[in-house]
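Written below as structure tokens is the structure these notes are about.
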Amino acid sequence: MILPVLVIAASDKGGKGVFASERIPADTIIEISPVLVLSVKDRKEVEKTILYNYIFEWGDTKGDKACIAWGYLSMYNHSYQANCDYEMDLEEELMRIKTVRDIEEGEELFINYNAEPGDETPIWFEAK
């Protein structure tokens, strides 16, 4: 499920990002998408490719399994002050994106790649 008010467009962060085509209230689930869970072995192979920048940690032990998220999930850009949060459903192999505040029409939607809102631990690349 992807809300029809989400669009992919050019981002000031570089490349593309996810934007709202109309106002979205806080605490709205805007996307629920399945994931492809990668074994530890598969993760090591994927990390050797350009897909490394698009995988998410998966499971209880950081650095073991990873996943590739379908839908728009891999298109959300990073911000330490993200306006959206994501939740992993390990049992159902789904991820949900939810707004953490009101989003205005035309605004880009961001997640914190550290998986915790407000976590300012440096990420693996220099955020623009």
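Only the coordinates and a few stated rules stand behind these numbers; no lab work does. Computed from a predicted model, the values in this text were never measured in an experiment. All Cβ positions, glycine included, derive from the backbone under ideal geometry; neighbour counts span all protein chains shown.
Extension gain for residue 119-residue 42 works out to 24.9 nm (0.36 nm per residue, less the C-alpha to C-alpha distance).
Look at 96, 101 and count the other Cβ atoms within 10 Å of each Cβ; fewest to most, that gives 101, 96. For the chain, a crude dipole built from +1 on the beta carbon of Lys and Arg and -1 on the beta carbon of Asp and Glu, taken about the Cα centre, is about 500 debye to the nearest 20. Taking a straight Cα-Cα cut-off under 20 Å and skipping sequence neighbours fewer than 8 places away in the same chain, the aspartates and glutamates within cross-link reach of residue 16 are 31, 85, 104, 105, 107, 108, 126. The H on the amide N of residue 107, modeled in the peptide plane, is under 5 Å from the matching H of 20, each at least 5 residues off or on a different chain.
If you take the Cα centroid of region 41-90 and the Cα centroid of region 1-22, the two points sit 18 Å apart.
Nearest 500 deg cm²/dmol is fine: what mean residue ellipticity at 222 nm does the chain get from its DSSP H runs of n ≥ 4 alone, each adding -39,500 (n - 2.57), divided by its residue count?
My calculation for the chain gives -1500 deg cm²/dmol from helical runs alone.
Which residue, 117, 34, 25, tops the fluctuation ranking in a GNM of the chain built on C-alpha contacts under 10 Å? Greatest mean-square fluctuation among the candidates belongs to 25. Once both labels are positioned 7 Å from their Cα atoms along Cα-to-Cβ, the gap between residue 9 and residue 54 label points is 2.2 nm. When each of 99, 121 is scored by the number of other beta-carbon atoms lying within 10 Å, the sequence from fewest to most is 121, 99. Listed cross-link partners 13/65; 41/62; 44/65 are compared with a 18 Å cut-off, the Cα-Cα value being larger for 13/65. Spin-label model, residue 91 to residue 26: label points 7 Å out along the Cα-to-beta-carbon direction sit 2.9 nm apart. In this rough spin-label picture, where each label sits 7 Å from Cα along the Cβ direction, the residue 74-residue 2 distance is 1.3 nm.
If you run the Gaussian network model on the chain, springs between alpha carbon atoms under 10 Å, then out of 98, 41, 13 the most flexible one is 41.
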